[in-house]
Amino acid sequence: MKPRHATSRRDFLRGSLLGGLTCLGAGHLPGPSAAAAGTTREAPSRVALTAGDDRADNVFRALEPFRDEIARAIGDRHVVVKPNNVAIDVQLSATHADCLEGILEFLKSIGKLEGTVIAESAGMGPTLEGFSNYGYPRVAAKYGVKLIDFDREEPETVFVFDQKDFRPHAVRMARRMLDPGSFLISAAKIKTHDQVVATLSLKNIIFGAPVKDQGFRSGKGRKPGLKTDKPIAHGSGVYGINYNLFALAQRYRPHLAVIDGYHGMEGNGPSRGTAVDHRVAVVSPDWLAADRVAVELMGIDFAKIGYLNYCAQARLGQADLAQIEILGEPVARHQRTYRLHDNVEKQLAWMEPPDEA
């Protein structure tokens, strides 16, 4: 007989959505559809889609329809532009400097450049080395903004779920990402993924937040004794990673999603895939609506992406295409069929509860 306090995997997963909402709380980042949580009607959202042969211009033009809304939302907060640097030496896997230039030029045009920083904790090596490899110092100097390595700042501890032992595990996270005085811009890329099918604006924010020891480097050149907390946040499998992304989204979601699809990545993303010449940009103050449109542009069945479906069920944003107004280019004109990761069938195990232990 099971002890009275025992919890099975099946029981946990059945209750995980409600549990995540209550245990983490609403957080301080009120997304545009947060007010819809607990209501019966979802609010419509707007997403801008642009296309063209200039990456920076695509991004700038996609931000333009939200000019007044973004300026009001920033207010007197300082802007944190969070690029995707999962690798520090694979340009296709990382946010391009031209994308950052489009964002910074827009912030300059609305008078919100002062105090802006470009900040990241790179996944596989020293953050500032990656910044240098990708040409970020040039852009930062041009606009007078600072480059920040989250690994060099005082972290905050949060707790995440691990599917191996069903216990909370401590993770060091970037404190700046939880600062009420920060306005978070996710400068993401359109990419396939090796655990959650696709990585877009939300995942860029959440898994850039766990930090690592200064000097940590994965693979060749790794120094003994240095560690990274990023694997802890991944939850040890497809159930853990999808649940943690959903749960952490209630504290770490972006205020503004900027998704660069000038050159997307298909196949074995997030760092070993191949290029898709797509030449699009997606922007929205509703990060979930932006991710939903990007999924459509990739030709991926939205039902296959666990963490985004969990967030949609909890109404953390708008995921109903019928309730999303597309500004600019029609989605159908720019839809592609991205080849998914070789292990995608294993990734889809989240769709069914695991077998009882």
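Where a number appears in this text, it was derived from the coordinates with a stated rule and is not lab data. This structure is a prediction, so every number in the text was calculated from the model and none was measured.
General observations
- C-alpha center-to-center spacing [the range 219-280, the range 298-357] in angstrom: 15
- Across the range 280-339, Cα pairs under 8 Å and at least six residues apart give a relative contact order of 44 percent.
- DSSP-defined beta bridges in the range 101-228 - what % are antiparallel, rounded to 5: 75
- Estimated from helical segments only, the mean residue ellipticity of the chain at 222 nm is -8500 deg cm²/dmol, where each DSSP H run of four or more residues counts as -39500 (n - 2.57).
- Build a GNM of the chain with springs between Cα atoms under 10 Å apart, and of GLY221, GLY102, GLY52 the one that fluctuates most is GLY221.
- Filter on LYS230/LYS304; LYS112/LYS146; LYS108/LYS142 - keep pairs with C-alpha separation over 20 Å: LYS230/LYS304
- Translational diffusion of the range 209-357, µm² s⁻¹ [Kirkwood Rh, Cα pairs; Stokes-Einstein; 37 °C; 0.692 mPa s]: 190
- Gyration tensor verdict on the range 268-315 (Cα atoms; rounded if a/c is under 1.5, prolate if a/b is larger than b/c, oblate otherwise): oblate
- Answer label, with Cα extents along the principal axes in Å calculated from the coordinates and candidates [x] 66, 51, 41; [y] 57, 45, 40; [z] 59, 49, 42: [x]
- Among PRO155, PRO254, PRO224, the largest mean-square fluctuation in a Gaussian network model of the chain, built with springs joining Cα atoms closer than 10 Å, belongs to PRO224.
- Rounded to 5, the percent of DSSP beta bridges in the range 45-351 classed as antiparallel: 50
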